[in-house]
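A quick write-up on the structure given underneath.
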Amino acid sequence: MNNITFFFGKPASGKSTIIDLIKIEKPDVKVIDVFSYIEKFLEKDGYILEENTRKAYTTLFEDLNNTYKENDVIIELGTNHINIVSEELEKIFPKYRITIFLCETSIETCRKRENGRSRTMNQTAFEIRLNRDFPNSHIICLKDKNLPYRILNMENELNFNLNIVLNYLNMTEEKHIRPTWDEYFMEVCHAVAKRATCDRGLSGCVIAKDKQILVTGYVGSPKGLPHCDEVGHQMKTMTHEDGHQTQHCVRTAHAEQNAIVQAAKLGVSIDGATVYCKMTPCAVCAKMIINSGIKKVICEKRYHAGSESEEMFRQVGIELNFFDEEVEKYEKQ
């Protein structure tokens, strides 16, 4: 997995300097001049229209996904772009390890550095950009978005900051990569599924809300009744409206059903929660999910007979997402 590193900071805060040093140490790193992407969206006086800037960054991120797959990538931006970019970052999460470095420098230092440059922007534009944003607002934005960020003090700690960034860029794929919340809950789902007693699906389920697990469930027979693992499957054939037939084991309650029942038993409200499951819930589970107040369904794969459930979710406005568009395969499908 490659790194994509964003350097935010005020004009003349030291972003370009540290990036130039990184390029010396890591010549394979790809540095993106983001302004070449947004130049056509700029007004003639140099001010950036927010709406057009969003379009420019969307184009940039699509380009990254399609083009730069073999190199670490560095993007240099101004602090005023954090809110815009943070809303688009998830589009490239699957392909890059992302970190944001916020280069903090006093306004006085920025002015001195800008005055010492051979190329300077219009002084009025420089002052507007310099005074437009406040560091705390950027930190709050990054925290709210749960984005990985670090603050670099660029006043007089250049070598120290360079080492911090290089250590990050030298991370290998074998190093720990923190999962997203959806990935985390799906991994828990896998662990729960190990308790399943019907080997046709071996499904587990997690219901979570506000980044907290509420209940779990796995496919298995009702309490006191024999399990598939003990006495075999109880297969029934269903004939559909168009005449085609499918086979189903009806000995067990599905993982989603058991999780919802567990919530009812414990008196845990799952209204507004998200359910994580191995594949698209069946029609019966879908109806229970709808009536329980769950608002989002995340599946690892698709269920071969899941079209009815998908249509019900669409009609009632429940969000349905898949990690993988592949259909889950199992015996006697």
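The numbers here are math on the coordinates, done by the rules we state, and not lab data. Note that this is a predicted model, so its numbers are computed, not measured. Virtual Cβ from ideal backbone geometry, glycine too; neighbours counted across all protein chains shown.
So, counting K/R as plus one and D/E as minus one, what does the shell of residues with Cβ under 10 Å around residue 220 add up to? List each step's numbers first, then the result.
Working: positive: 195, 223, 251; negative: 229.
Taking every Cβ under 10 Å from that of residue 220, the sum is +2.
Lys and Arg at +1, Asp and Glu at -1: add these up for the other residues within a Cβ distance under 13 Å of residue 325 and post the number. Can you show the working numbers first?
Values: positive: 301, 302; negative: 300, 310, 324, 326, 328.
Here the count lands on -3.
Once backbone amide H atoms are built at 1.01 Å from N, residue 97 has 2, 3, 4 as its partners under 5 Å, excluding neighbours fewer than 5 places away on the same chain.
Sorting the segments 238-248, 100-110 by their residues' average number of neighbouring beta-carbon atoms within 10 angstrom, most packed first, yields 100-110, 238-248. Take the alpha-carbon centre of the stretch 189-228, take the same for the stretch 257-308, and report the distance between them in whole Å. What the calculation gives is 12 Å, centre to centre.
Show me 264-277, 295-308, 18-31 ranked by packing, highest mean number of other Cβ atoms within 10 Å first. Don't jump to the answer; show the numbers that get you there.
Values: 264-277: 17.0, 295-308: 18.6, 18-31: 14.7.
Descending packing order for the listed peptides: 295-308, 264-277, 18-31.
Classify the stretch 175-333 from the C-alpha gyration tensor, please: rounded if a/c falls under 1.5, else prolate or oblate depending on whether a/b exceeds b/c. Each step should come with its number before you reach the end.
Values: a/c = 1.42, a/b = 1.25, b/c = 1.13.
Note, shape of the stretch 175-333 comes out rounded.
Projecting label points 7 angstrom from Cα along Cα→Cβ for residue 316 and residue 170 puts them 5.4 nm apart.
I want the local charge near residue 283. Using Cβ-Cβ distances under 14 Å, sum +1 for each Lys or Arg and -1 for each Asp or Glu among the other residues. That works out to -3.
Entry note, the stretch 181-316: relative contact order of 22 percent, from Cα contacts under 8 Å with a spacing of 6+ residues. Close amide H pairs (under 5 Å, H built 1.01 Å from N) link residue 152 with 102, 103, 104, residues at least 5 positions away or on another chain.
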